[in-house]
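S.K.: Pasting in a structure now, in structure tokens, and then I'll have a few things to ask.
The values are calculated or read from the model by the stated rules, or taken from the named source; none is laboratory data. Computed from a prediction, not measured in an experiment: that's the story for all the values here. We place every Cβ from the backbone using ideal geometry, glycine too, and count neighbours over all the protein chains shown.
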Amino acid sequence: MKTSARNHFEGTVSKHATGAVNDEIEITLAGGQKIVAVVTRESAMGLGLAVGAPAFALVKASSVVIATELGTARLSARNQLAGVVASVQAGAVNAEVVIDVGGGALTIAAIVTQGSVKALGLAQGSAATAIFKASSVIVGVPG
């Protein structure tokens with residue numbers, strides 16, 4: 001499958017909380033990282049999202065926020081993947097920042113302003129956390 005979403009994560013449904021309108025789906029990736037998504041009840045049923053089922057998560061790079069020095073900050077965004085900056089590709093206004101969140105086996109890309117790159121001190125090897133809301137995740141199943 002080809003998509004325009006920069007971030008494509010494959011895994012297995014590890015939790016499924018059913019709601020009246022929306023369901024919460026947790027997908028565990030091969031490296032143990034977890035991604036939480038909120039989808040409509042109808043979508044969850046139509047896709048057959050049950051614990052143990054293979055699934056993938058798509059996240060647009062523009063939906064990813066980068067943080068540094070979070071310390072004990074508590075955030076409402078359910079998805080927080082900590083790692084190190086693998087690369088920064090500068091553009092005229094924005095930059096693509098790729099964060100290694102899986103020891104070389106898993107990366108996540110974010111599009112942020114050049115001002116943010118400078119303000120956060122984002123450079124190859126620096127610590128950073130990729131953050132995105134569960135509602136920003138699109139879930140699919142193979143086949």
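S.K.: Go through L49, L29, L58 for me and flag whichever is crowded, with 19+ Cβ neighbours inside 10 Å, in contact with a Phe, Trp or Tyr (Cβ under 7 Å, 6 or more places away or on another chain) and in contact (Cβ under 8 Å) with a residue 12 or more places away in the chain.
M.R.: Numbers: L49 fails: in contact with a Phe, Trp or Tyr (Cβ under 7 Å, 6 or more places away or on another chain); L58 fails: in contact with a Phe, Trp or Tyr (Cβ under 7 Å, 6 or more places away or on another chain).
Answer to the check: L29.
S.K.: Keeping to the stretch 6-26, report how many residues are among the hydrophobic types (A, V, I, L, M, F, W, C) and crowded, with 18+ Cβ neighbours inside 10 Å.
M.R.: First, the residues of the stretch 6-26 that are among the hydrophobic types (A, V, I, L, M, F, W, C): 9, 13, 17, 20-21, 25.
After this cut, where a residue has to be crowded, with 18+ Cβ neighbours inside 10 Å as well, the list is 9, 13, 25.
So the answer is 3.
S.K.: Here's a check for you: in the stretch 77-87, which residue that is out of contact with any Phe, Trp or Tyr (no Cβ under 9 Å at 6 or more places or on another chain) and either buried (at least 17 other Cβ atoms within 10 Å of the Cβ) or at pLDDT below 95 (or both) is nearest to E24 (Cα to Cα)?
M.R.: We begin by selecting, within the stretch 77-87, every residue out of contact with any Phe, Trp or Tyr (no Cβ under 9 Å at 6 or more places or on another chain); these are 82-87.
With either buried (at least 17 other Cβ atoms within 10 Å of the Cβ) or at pLDDT below 95 (or both) added as a condition, the list becomes 83, 85-86.
Working: G83: 25, V85: 29, A86: 30 Å.
Filtering the stretch 77-87 for residues that are out of contact with any Phe, Trp or Tyr (no Cβ under 9 Å at 6 or more places or on another chain) and either buried (at least 17 other Cβ atoms within 10 Å of the Cβ) or at pLDDT below 95 (or both), the one nearest to E24 (Cα to Cα) comes out as G83.
S.K.: Ok, one more. Report yes if G115 is exposed (fewer than 12 other Cβ atoms within 10 Å of the Cβ), outside the structural domain of S14 (by TED's automatic domain parsing) and at positive phi, otherwise no. Spell out how you get there, then give the answer.
M.R.: Numbers: exposed (fewer than 12 other Cβ atoms within 10 Å of the Cβ): yes; outside the structural domain of S14 (by TED's automatic domain parsing): yes; at positive phi: no.
Answer is no for this residue.
S.K.: Here is a further query. Residue by residue through the stretch 1-47, note down the ones that are farther than 22 Å from A109 by Cα, assigned to a strand (DSSP E or B) and in contact with a Gly (Cβ under 7 Å, 6 or more places away or on another chain).
M.R.: V13
S.K.: Answer yes if at least one residue in the stretch 67-76 is acidic (D, E) and either assigned by TED's automatic domain parsing to the domain that holds G11 or closer than 17 Å to F9 by Cβ (or both), and no otherwise.
M.R.: Quick first cut of the stretch 67-76, residues acidic (D, E) only: 69.
Applying the additional criterion that residues be either assigned by TED's automatic domain parsing to the domain that holds G11 or closer than 17 Å to F9 by Cβ (or both) yields none.
Within the stretch 67-76, not a single residue is acidic (D, E) and either assigned by TED's automatic domain parsing to the domain that holds G11 or closer than 17 Å to F9 by Cβ (or both).
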